[in-house]
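I have placed the structure first, in the form of structure tokens, so that the comments after it can refer back to it.
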Amino acid sequence: MGRCALCGRENVSLLWAVHKKKGGIWVCAECWKYLFEENLLVSGSGESGCGC
């Protein structure tokens, strides 16, 4: 739990996003969705899983 780097909402689960201008930031799910829809994420950021 922490604070969203974009909207400032506190005590929410955060996701790591690599913003095209701001670099790596922790954001809430709603802001991550917005960044994704507006194509503001660096390609490949936010992926999870095994790199096998």
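The values are calculated or read from the model by the stated rules, or taken from the named source; none is laboratory data. Please read these numbers as outputs of a predicted model, since none were measured by experiment. All Cβ positions, glycine included, derive from the backbone under ideal geometry; neighbour counts span all protein chains shown. Heads up: the accessible areas ignore ligands, DNA and RNA and are worked out on the full protein's heavy atoms, side chains in. Shrake-Rupley method; radii C 1.70, N 1.55, O 1.52, S 1.80 Å.
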Original post:
Excluding ligands and nucleic acids, what accessible area in Å² is computed for Glu10 using a 1.4 Å probe, to the nearest 10?
Top reply: 110 Å²
Subject >> Pair Cys7, Phe36: separation of 7 Å Cα→Cβ label points (nm) >> reply: 1.5 nm
